[in-house]
Each structure stands twice: as structure tokens, then as C-alpha cells.
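Written below as C-alpha cells is the structure these notes are about.
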Amino acid sequence: MGEPQGYDPKEIIYRLGTFFLLVGIGLFVFFLISESVGTPTFSYFCWSMILITLAFMFRARYKRSIQPSERFSILKKLMPKSKEDKGKK
């Protein structure tokens, strides 16, 4: 009864941060709607700022490694290298 294959606890924190970000944005939209109606509900604003701050803190802990797509790999091989790239090697 170990952890599932490919399980990373940091990724769960990242996803939780994404959830908090979406809920925070939703609460901020509710605050803007209540403001436009004329009865601002500041608790929506406060909770949205708290959740958005937590979301950025959670998402900053785990940076996903983005693998470059192989979509244009043939074009990259065909393109001539610039002089600056040749000088660095």
C-alpha cells in the first residue's frame, strides 16, 4: 500500500493553489457585481485577496517543468544557426 505511481505531493499543492486561485477570482467577480449593484460586500473582497495570495504562495512552491513540444523540431533543424549561437559554443 504505497503511493500510486507518478504521485508527487508537491503537485497536489500546486493543484490546490490553482483551485484557490479560481475561487479567489470568482469571489472577486462577486465583489465587483455587488459593487455595481450598489451594496458592496467587502467580505467577498477580503476572502478573494486572501485566497489569491495563498494560491500564488502554493503555486510558487512547485514549478512544473515544461517540456518543449516537438512540433517544429524539423524546422529548427533546418534553420541556420545565427553567428551569436555559434560563438557561444
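The values are calculated or read from the model by the stated rules, or taken from the named source; none is laboratory data. Since the model is a prediction, treat every value here as computed from it, not as a measurement. So basically every Cβ, Gly included, is an ideal-geometry build from the backbone, and we count neighbours across all protein chains shown. With ligands, DNA and RNA removed, areas are computed over all heavy atoms of the protein, side chains included. Shrake-Rupley method; radii C 1.70, N 1.55, O 1.52, S 1.80 Å.
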Original post:
Can you find even one residue in region 5-21 that is of a type in the set (S, T, N, Q), open to solvent by 70 Å² or more (accessible area, probe 1.4 Å) and either in contact with a His (Cβ under 8 Å, 6 or more places away or on another chain) or at pLDDT 95 or above (or both)?
Top reply: no
Restricting attention to region 35-70, the residues that are within 12 Å of GLY17 (Cβ to Cβ), modelled with pLDDT under 90 and open to solvent by 80 Å² or more (accessible area, probe 1.4 Å) number exactly 3
